[in-house]
Structures are given as structure tokens and as C-alpha cells.
Amino acid sequence: MGIRTKSLLILILVMVLLLGLGVPYGFIQFNRIRQQTLNRTVESLEVALNDAMRAKSDVWLTNALQIAFNPLIQQAFRDGDRTAAFDILTQYGDAFKTNTNFNNVQVHLIDSELRSFVKSWDSDSWGESLDYSAAYAEVRRSGSPFVTMEPSQKGLRLKGLFPVVVDGEFLGIVNFEGGLNSIKRDFKPNGIEFIYALNEDYLDVATSLADAPRIASYAVSQSDVDEDFLPYVQTVLDLEDASERFSFDSDYLTRIVPVEMFNGEPVGIYVLGQSTARATAILRENQSLLISLMIVVVITFFVIAIGMYVLLGRGIAAPLSKLVEVSEYLADGDLTIEITNKRKDEIGRLYRAIGGMSGRLRDVVANIRMATDEVNTGSRNVSESSNALSEGSSKQAASVEETSASVEEMSSQIKQNADNAIQTEKIGQAVAQQAKQTRETVSEAVTAIREISERINVVDEIARSINMLALNAAIEAARAGDAGKGFAVVAGEVRKLAERSRDAAAEITELAGSTVSTAEAAGESLDSLVPDIQKTSELVQEISATSREQSAGSEEITKAVMTLDQVIQGNAAAAEELASTAQTLAYQSNSLEDTIDYFTTDQKAIGEVAGVNFATIRFKHLQWKSKLRAFIKGDRDINRGEAVSDHDCALGEWYFGPGLEQFGHLEVMKKIEEPHRQLHEAVNDIIALKDAGDMAKAERRLHDLGEYSDEVVELLHELEEMLRAQGR
């Protein structure tokens with residue numbers, strides 16, 4: 001099924017949907033318009049009633065004012081002259097009947113006591129109290145005139161009330177009253193029916209309406225009533241609907257408005273009606289217009305459908321068929337086909353878009369071919385580098401293993417030294433403690449020897465005293481002769497013992513002195529030895545602490561060496577994996593190159609336009625960002641010889657040579673120069689900043705270079721498409 005047939009079916013379907021939706025929508029709109037028309041009609045009925053009541057109220061109040069300010073009336077009030085007042089009112093009544101359409105006008109004069117003073121329609125009836133009238137009482141209270149609807153003896157009447165005041169004295173009230181038959185007569189030519197009725201609650205006042213026709217609980221207060229409308233209101237009309245909004249049926253459009261007195265008290269109703277035929281005349285016209293419009297729309301749609309069918313065939317289907325043929329060529333990989341179309345509409349844009357797509361596809365194929373060459377070269381380099389890296393990593397792993405063994409042995413020795421230092425520390429502390437205790441013992445021994453020496457001196461003194469006593473005893477024994485010989489012998493023995501004791505005491509004293517000197521020398525030696533022992537203990541503690549720290553450090557070194565060993569082994573594995581990946585990448589690159597060979601291109605198709613290979617130029621300018629990124633990271637070297645100026649690169653040589661000469665008038669040519677110059681300046685700046693070690697600024701300039709590169713490539717695309725379109 002062709003696109004024209006499909007389009008025709010779509011148009012028919014749209015038409016059916018429009019009709020299916022349009023008819024109900026038209027019906028809904030018609031009902032809405034009918035409702036709006038009825039609302040406006042009801043509003044116009046209410047406006048007409050309000051205007052008529054306002055006009056009549058103005059007349060009533062004006063006439064009441066004239067009568068109230070009539071000097072003869074004022075004098076009649078003062079004099080109580082009813083005859084004079086009646087004559088004046090008769091003149092007013094005759095003038096109204098002669099000169100206006102108000103045929104039922106009556107004037108009632110009320111005195112200051114709210115009693116009837118004069119009735120223009122009955123000169124013999126006067127004096128009854130009218131205090132039932134709230135309107136009369138309000139005029140007397142406020143002294144202000146007003147117009148109001150109020151029940152009276154003759155029914156519901158419009159009263160224009162004006163106070164009669166002379167020299168500040170309230171004399172009475174002029175009541176210019178009448179019915180609303182004139183409004184009914186005025187409405188009749190416009191097809192408006194009008195009835196006003198009094199609430200039955202006020203029939204004790206409006207005694208004349210006792211036998212009047214009824215509308216529910218209301219008594220009709222007028223004599224001139226349409227003989228068709230009144231029965232309809234009495235028997236057919238829904239009073240509740242008519243009171244809330246309006247009632248509408250096949251006979252009448254009816255609206256009921258409440259009648260209120262000056263104080264807002266409801267006293268009756270106005271019934272406004274208009275025949276349905278008259279109220280819906282505009283609706284019938286709108287209905288006919290709507291039907292005619294729908295017929296015109298359907299006919300117009302059929303004409304448009306036929307026209308679109310023809311236009312689709314000529315303007316869309318045929319060009320699209322040509323595009324299908326071109327797309328099939330492209331699908332078969334033939335990129336040499338030229339796509340041209342001079343149309344300015346969407347079809348022409350589609351032709352140009354597909355032509356641009358074909359050109360870009362040719363560029364993509366060319367770029368992929370160049371990229372695959374680069375990838376093949378790069379993958380080989382990566383493979384070689386990764387193999388070298390793997391071999392170096394293996395050697396490093398072996399060296400690290402040897403280092404790890406040495407570190408472990410050193411750690412073991414350091415740990416043993418630390419343990420020995422700890423044992424030595426404990427022994428030194430024990431020796432220092434024992435030396436201290438020995439010094440205290442020596443001190444105690446010296447003290448004891450001195451005390452012994454002192455006791456021996458006492459013994460020596462005792463021996464000397466015993467010797468003296470023995471000598472004296474011998475002398476006395478000699479004096480005694482033979483009797484004292486035995487005593488002399490004993491005395492001699494005692495003296496010998498005393499001498500021996502004295503000699504022993506002297507020897508002991510001498511020995512004690514020598515012992516004290518030796519003990520004191522030993523104490524002094526111990527005093528000098530204890531600090532050295534303590535210093536040795538402290539040094540041993542420091543050696544122990546240092547040994548512990550060396551042990552902990554050696555353990556950290558061991559862990560670090562083990563971690564380094566793991567990293568090196570991981571690097572070796574990664575290098576092997578990288579080599580494998582490089583081989584896979586080379587294989588995929590070859591596969592991609594085989595795939596690209598599916599496309600058929602010619603020399604011009606791979607970028608040769610106007611004597612320059614745009615694809616190659618774009619590729620080289622795009623490469624700068626990746627090359628400089630690797631340069632900043634230290635992964636490759638770039639010398640200043642590679643960073644040529646914007647005049648010396650391939651693009652610059654063409655641009656400032658035949659390019660400007662042939663295409664300098666093109667706006668895109670003017671746009672290329674500045675970002676191209678900034679790109680090459682950024683290249684030189686990045687190299688200089690990297691050499692200066694300012695990596696942060698180099699990164700920022702690399703970001704700028706990316707923007708310049710993207711802009712140059714985009715402008716080159718635009719220029720190439722423009723030149724291809726010109727057949728260059």
C-alpha cells in the first residue's frame with residue numbers, strides 16, 4: 001500500500017472521527033448556546049422590568065412632589081378643606097388620563113395622624129385609620145419621600161409617597177399610586193407577558209382582591225391579564241423552577257421575580273413570560289447556521305482530501321520513492337552516490353540531511369580507516385611495552401623476594417638482640433639492687449664494729465682496773481705475810497688475766513679499727529659502683545627499647561616488602577593481560593577494517609574537497625587533546641618541533657594559501673581563523689607549562705584546547721558540507 005493510499009485512508013478516518021466527534025460536540029455546543037440564549041433572554045426580561053419600574057417610579061415620585069408642593073393642597077391640609085383638595089386632585093386625574101397612558105392613577109392624601117384625608121376616586125370616603133401601612137409610618141418618621149410597592153385596598157399598588165411639610169410642620173402625605181397595567185401594555189408589543197400578584201396573607205388589606213384569580217398562594221392584582229398566559233401560569237408552570245432560575249417548555253419561557261416593599265419584605269410576585277417561538281427564534285437561526293456550517297465543513301474536507309491526495313502523490317510520494325532508492329544504495333554500502341535536491345521545503349531538507357549523512361558517513365569510514373591504522377600501530381607498541389614491563393616486573397619480583405628473605409633474617413636477628421637486651425636489662429636491674437643492699441649491709445657492719453670497739457674499750461678499762469686491784473691485793477697480801485700468800489697468788493693470777501684481757505682488748509681494738517677502715521673503703525667503693533650499675537641498667541633499657549623499635553620497624557619493612565612483592569606480581573600479571581588485550585585489540589582492529597571495506601568510496605568521498613582532505617585534518621586536530629593529555633601525565637614525549645604554528649600545519653597551509661584565495665568570502669572561512677590560531681597557541685603553552693612543572697595551568701589550558709578543537713572541527717564540517725553542496 002503506497003503512501004498516497006495510506007494518506008487517503010488516514011484522511012477518511014480523520015473525517016469520520018471528526019464527524020463522530022463533531023456531531024455530539026455540535027449538539028453540546030447548541031445546547032450550551034441555547035442555555036446561554038435563554039439566560040440572556042431571562043436577563044433581558046428582568047432588565048426590561050427593572051427599567052419600566054424605575055421609569056414609573058420616577059414619574060410617581062415627581063407627581064407626588066408636585067402635588068405636595070402645591071400651595072392649594074398645603075392650604076387644604078391646614079384648613080381641613082377636603083372639598084378643595086378633592087377638586088384639585090380631580091384636575092390632576094383628568095390631566096393624567098388625557099395626556100398619559102396611565103389610566104388607573106389615583107391620589108390619596110393622608111393627614112398627620114395617618115388617617116385618610118381625601119381619596120381622588122371617592123370623595124365621600126375618608127377618616128379611616130391607615131396605620132397598617134408601614135410605608136406611611138416610615139415617611140412620617142423619616143420625613144423622606146420614596147417609592148414602594150405596597151398592598152392597599154385595591155390590591156398591590158405602586159405608591160409614590162411624599163411628605164407635606166410647611167414651615168417645619170408635618171401636615172400629611174401625598175400618595176400617588178397606581179397599578180402596573182401600563183407596564184403590561186408596554187411589554188405586549190415585544191411579546192412579553194406580565195402578571196403581578198399579591199400574597200394572600202395581605203388580603204385583609206386588599207379586600208377588593210377577594211375574588212381575584214389565584215396563582216398558588218397569590219392573588220392576581222390586575223384586571224388586564226392575557227387569557228392564554230394566566231391559565232398556563234395557574235396550571236402548567238413550575239413555580240419553583242421559575243423562581244429559582246426560569247422555566248422553559250414548548251409554550252413559554254417564564255421567570256418569577258419577588259415583589260418587595262421598601263424594607264425588603266416580600267409581598268407578592270412578578271411573572272414575566274415570553275412565548276417559546278419568540279424566545280427561540282435566534283436559536284433556530286443558530287441551529288440552521290450550525291447545520292449549514294457542518295455541511296460546508298464536510299464538503300471542504302472532501303475537497304481538501306482530494307487535493308492532498310494529488311499533492312501527496314506529486315510532492316511527497318515521488319520524492320520519497322527517490323529517497324528510498326538512494327537509501328537502498330547506502331544500505332548496500334555504496335557511498336559514492338550523489339544526493340541533490342533544490343526544493344526548499346521539508347522534502348528538500350530531508351534530501352540535504354541524507355546527503356549530509358552520506359558525506360559524514362564517508363568521513364566516518366575514512367576516520368575509522370585511519371583510526372584502525374593508528375590502533376594497529378598502537379596495539380603493537382602496547383604489546384611490546386607490556387612484554388617489556390612483564391619481564392621487568394618478573395626481575396623485580398625475584399629481587400624483592402631476595403630482599404624479603406634478607407629482611408626477614410635481619411628481623412629475626414634484631415628480635416634476638418631485643419630479647420638478649422631485655423634479659424641483660426633484667427640482670428642489670430637485679431645487680432644494681434643487690435649492690436644497693438650490700439652497701440646498706442656494709443654500713444650496718446661498720447656501725448656494729450664501731451660499737452664493738454667502744455665495748456672493747458670498756459673491757460680494756462675494766463682490765464686496767466682489775467690489774468690495779470690485783471696489784472693492790474698483792475701489796476696487801478705481802479703485808480699480811482703468810483696469811484696473805486694464798487690471796488697473793490690469786491691476786492697474781494687475776495693480774496695476769498687482767499693483763500691478758502687488756503692485751504686481747506688492744507688487739508681487738510686494733511683489729512676493729514682496721515676492719516672499720518676496710519669496711520669504709522668497701523662502702524665508698526660500693527657508693528661509686530652503684531651509680532655506674534644504675535647507668536649501665538639505664539643504657540641496657542635504652543638498648544632494649546631501641547631493639548624493640550628496630551624489631552617493629554623490621555616487621556613493617558617485611559610487610560612493605562611483601563606488599564611490594566604482591567604489587568610487582570600484580571603488575572606482571574596486568575602487563576601480561578595488557579599484552580593479551582593489545583593482541584585482541586589488534587585482532588578487533590583488523591576485523592573492523594575488514595568490516596569498513598564493505599563500504600565503497602572514492603578519493604573525493606574520503607575527504608578530498610577543494611584540494612584538501614578535511615577528514616584527515618579534523619582527525620589530526622582532534623588528536624591534539626589526547627596526545628597532550630598523555631604528555632602531561634608523562635606517558636609520551638612531545639617536542640616543540642611537533643607544535644607548529646597555525647600557518648604551518650596542513651590546515652594552515654591550505655587556509656592561508658588557496659583556501660582564502662578561493663573561499664575567503666565565505667563567512668565560515670572567517671570564523672575558522674581565530675579558534676585555529678588559539679588551538680595552536682594552547683599547544684605551545686601546554687608544552688611550556690609542562691616543562692616548567694606547572695601542571696595546574698597546563699590542565700586548564702588543556703581544557704581550553706578541547707573547546708578550540710571542537711569548534712575548529714565543527715566549522716570544518718560546515719565548510720566541507722558547503723563546498724560539497726557547491727560541487728567543489
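The values are calculated or read from the model by the stated rules, or taken from the named source; none is laboratory data. Not measured: the values here are computed from a predicted model. Here the Cβ is made from the backbone with ideal geometry for all residues, glycine too, and neighbour counts use every protein chain on show.
Listed residues LEU253, LEU209, LEU203; which is crowded, with 17+ Cβ neighbours inside 10 Å and touching a helix residue (DSSP H, G or I) at 6+ places or on another chain (Cβ under 8 Å)?
From the options LEU253, LEU209, LEU203, the qualifying one is LEU253.
Taking the range 150-159 only, how many residues are over 14 Å from GLU138 (Cβ atoms), out of contact with any Lys or Arg (no Cβ under 7 Å at 6 or more places or on another chain) and assigned to a strand (DSSP E or B)?
Number satisfying all stated conditions: 5.
Modelled with pLDDT of 85 or more and either of a type in the set (Asp, Glu) or in a loop (DSSP other than H, G, I, E, B) (or both) - does that describe any residue in the range 101-112?
Within the range 101-112, one or more residues are modelled with pLDDT of 85 or more and either of a type in the set (Asp, Glu) or in a loop (DSSP other than H, G, I, E, B) (or both).
Residues of the range 81-100 being modelled with pLDDT of 90 or more and within 21 Å of MET53 (Cβ to Cβ), which ones?
None - no residue of the range 81-100 is modelled with pLDDT of 90 or more and within 21 Å of MET53 (Cβ to Cβ), so the list stays empty.
Working only within the range 242-269, note down all residues that are among the β-branched types (Val, Ile, Thr) and over 30 Å from PRO145 (Cα atoms).
Residue satisfying the conditions is THR254 alone.
I need the full set of residues from the range 222-250 which are more than 26 Å from ARG40 (Cβ to Cβ), touching a residue at least 12 places away in the same chain (Cβ under 8 Å) and assigned to a loop (DSSP other than H, G, I, E, B), in order please.
Matches in the range 222-250: GLN222, SER223, ASP224, VAL225.
Exactly one of (1) in contact with a Leu (Cβ under 8 Å, 6 or more places away or on another chain); (2) surrounded by 21 or more Cβ atoms within 10 Å (Cβ to Cβ); (3) assigned to a strand (DSSP E or B) is unmet by VAL165. Its number?
Going through the list (1) in contact with a Leu (Cβ under 8 Å, 6 or more places away or on another chain); (2) surrounded by 21 or more Cβ atoms within 10 Å (Cβ to Cβ); (3) assigned to a strand (DSSP E or B), VAL165 breaks only (2).
Step by step: first the residues of the range 655-692, then only those that are touching a Leu at 6+ places or on another chain (Cβ under 9 Å) and of a type in the set (Lys, Arg), then the one that is farthest from SER709 (Cα to Cα). Which residue is that?
Per the criteria, the residue is LYS690.
A quick yes/no check of all residues on (1) assigned to a helix (DSSP H, G or I); (2) buried (at least 19 other Cβ atoms within 10 Å of the Cβ); (3) among the charged types (D, E, K, R):
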position	(1), (2), (3)
TRP654	yes, no, no
HIS676	yes, yes, no
HIS680	yes, yes, no
VAL683	yes, yes, no
ALA698	yes, yes, no
ASP710	yes, no, yes
HIS717	yes, no, no
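Applying the selection to the range 89-115, what residues are crowded, with 19+ Cβ neighbours inside 10 Å and not aromatic (Phe, Trp, Tyr)?
Result: LEU89, VAL105, GLN106, VAL107, HIS108, LEU109, ILE110, ASP111.
State which residue is farthest from LEU716 (Cα to Cα) when the search covers only the range 348-382 and only residues that are at pLDDT 70 or above and among the hydrophobic types (A, V, I, L, M, F, W, C).
The qualifying residue farthest from LEU716 (Cα to Cα) is LEU350.
Among the numbered conditions (1) out of contact with any Pro (no Cβ under 9 Å at 6 or more places or on another chain); (2) without any contact (Cβ under 8 Å) to a residue 60 or more places away in the chain; (3) not in a loop (DSSP other than H, G, I, E, B), tell me where ARG255 comes up short.
Going through (1) out of contact with any Pro (no Cβ under 9 Å at 6 or more places or on another chain); (2) without any contact (Cβ under 8 Å) to a residue 60 or more places away in the chain; (3) not in a loop (DSSP other than H, G, I, E, B) one by one, ARG255 breaks only (2).
Which count do you get for residues in the range 117-142 that are at pLDDT 90 or above and more than 20 Å from VAL59 (Cα to Cα)?
Counting residues in the range 117-142 that are at pLDDT 90 or above and more than 20 Å from VAL59 (Cα to Cα) gives 14.
For residues that are loosely packed, with under 13 Cβ neighbours inside 10 Å and in contact with a His (Cβ under 9 Å, 6 or more places away or on another chain), tally how many sit in the range 618-647.
1
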